[in-house]
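Heads up: the structure comes next, in structure tokens.
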Amino acid sequence: MISLSLCMIVKDEEEVIRRCLDSVINIVDEIIIVDTGSTDKTKEIAKEYTRKVYDFKWIDDFSEARNFSFSKASKEYILWMDADEYFDKENQEKLIKLKNNLSNNIDAVTFETNMLDCNNTCITFIGRRNRIVKKGKDFRWIGFVHEYIDISGEILDSNIAIIHHKVKSVSDRNLKLYRKNVEAGNKLSDRDLYYYGKELYCNRYYEEAIKVLEEFTTKAIWVEEIIDSLCKIGKCYLFLNDHKKSREYFYKCFEYTCPNINIFYNIAESFELQKEYLKATTWYEAILKLEESEKFMCCENIDYLNFNVNLSLCVCNFELGCINKSYYHHLKCKEINPLNQCVIKNDEIFRNIITKN
């Protein structure tokens, strides 16, 4: 059995930190909490779980804070988490099994990260990151924001998943760090250029995001990031109400990938927003046909996408006067997520229609 240190950096996480620590308290051998300036009860809660709570003066660099947390670990391996993440019971058991059986030859272990929607009901995104690293290898975090661990050696891709459920709303914290570096004349790496564009997009600076992501697509060597950048540029134009221009970028994605649910969905949505409901339904229906195919890759959860597609088909068919088709897709949505507010509202609309008839 290996020994395991949990290392976290936190700030103002009183709403979620207890959930996180409760999910690992009986698994890890040590908990390291590095606070970067909380003004709420985060530190007081953390001290209920560990005496190893440290203050770190924030210097606009996530890697420095994470490397400081790693320096305080004393066990064979280090697990890192954010406060808005946790393990459910199934993955707690998987982590215990991994801890009991991990070979000392392994230098790092990757976990899936399952992002939940705001209602804590559906997985909206699945990613994979290095989560456990060998202390003796002295791996370092790199990057002042959107940091990553520079890993080498034997890596194990595990079947363990961490649930990421963000409670805080999107902030401009990361964007400010990027702007500060740009204004200081620091040249951004290709990786930072990509994330800078994404931060601009998330904070609704669409014209700037287009410019930055366009620059990134001329430099990128990672196909996945090119596709994501093209999709985000397309979405920027969508939010700027230039639907035709948005589709130009969605179509460009097919130069890099096979038929893909996410791209189909973006194209369908662009037609729906233009109120071209017949064209929109054609693309949405194509998505449902793609589901059974093994010829596409999609990082988003199928149930989540199924819900959105069926909801859109419900709306589009209703606008086209195809009430029976609309009701069929409403029932599909109801099967997937009966507590969704759109489902509840549409249920009332269809009940009124049925009552009148």
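The values are calculated or read from the model by the stated rules, or taken from the named source; none is laboratory data. Since the model is a prediction, treat every value here as computed from it, not as a measurement. Don't worry about glycine lacking a Cβ; one is built from the backbone with ideal geometry, like all the others, and counts go over all protein chains shown.
Structural remarks
- Residue in region 82-117 that is farthest from Lys134 (Cα to Cα), counting only those that are in contact with a Leu (Cβ under 9 Å, 6 or more places away or on another chain) and assigned to a strand (DSSP E or B): Tyr86
- When each of Glu276, Glu269 is tested for being among the acidic types (Asp, Glu), at pLDDT 90 or above, within 30 Å of Glu207 (Cα to Cα) and surrounded by fewer than 20 Cβ atoms within 10 Å (Cβ to Cβ), the lone residue that passes is Glu276.
- Filter pass, Val28 being of a type in the set (Val, Ile, Thr) and in a loop (DSSP other than H, G, I, E, B): yes
- Region 171-236 holds helices (runs of 4 or more DSSP H) entirely within its bounds, and those carrying 2 or more residues that are under 18 Å from Asp60 (Cβ atoms) and not assigned by TED's automatic domain parsing to the domain that holds Ser63 map to 173-183, 190-202.
- Whether a residue is at pLDDT 90 or above, in contact with a His (Cβ under 7 Å, 6 or more places away or on another chain) and farther than 30 Å from Gln92 by Cβ was assessed, and Tyr205 does not pass this test.
- Failed condition for Asp192, given (1) over 23 Å from Gly143 (Cβ atoms); (2) in contact with a helix residue (DSSP H, G or I) (Cβ under 8 Å, 6 or more places away or on another chain): (1)
- Close pairs from region 1-14: first without any contact (Cβ under 8 Å) to a residue 60 or more places away in the chain, partner in a strand (DSSP E or B), Cβ under 9 Å, at least 6 apart: Lys11/Asp35
- Taking residues in region 316-327 that are among the aromatic types (Phe, Trp, Tyr), and partners anywhere that are in a helix (DSSP H, G or I), the pairs with Cβ atoms closer than 7 Å and at least 6 places apart or on different chains are Phe318/Ser326; Tyr327/Phe350.
- Number of positions in region 158-170 that are assigned to a strand (DSSP E or B) and either under 17 Å from the mean Cα position of the chain (by Cα) or at pLDDT 95 or above (or both): 6
- Within region 44-65, tally of residues that are more than 20 Å from Asn174 (Cβ to Cβ) and surrounded by 18 or more Cβ atoms within 10 Å (Cβ to Cβ): 5
- Lys219 meets each of the listed conditions (1) farther than 26 Å from Thr113 by Cα; (2) touching an Asp or Glu at 6+ places or on another chain (Cβ under 6 Å); (3) surrounded by 15 or more Cβ atoms within 10 Å (Cβ to Cβ) apart from (3).
- Checking the stated criteria, Cys253 turns out not to satisfy the condition of being touching a helix residue (DSSP H, G or I) at 6+ places or on another chain (Cβ under 7 Å) and either within 24 Å of Val315 (Cβ to Cβ) or in contact (Cβ under 8 Å) with a residue 60 or more places away in the chain (or both).
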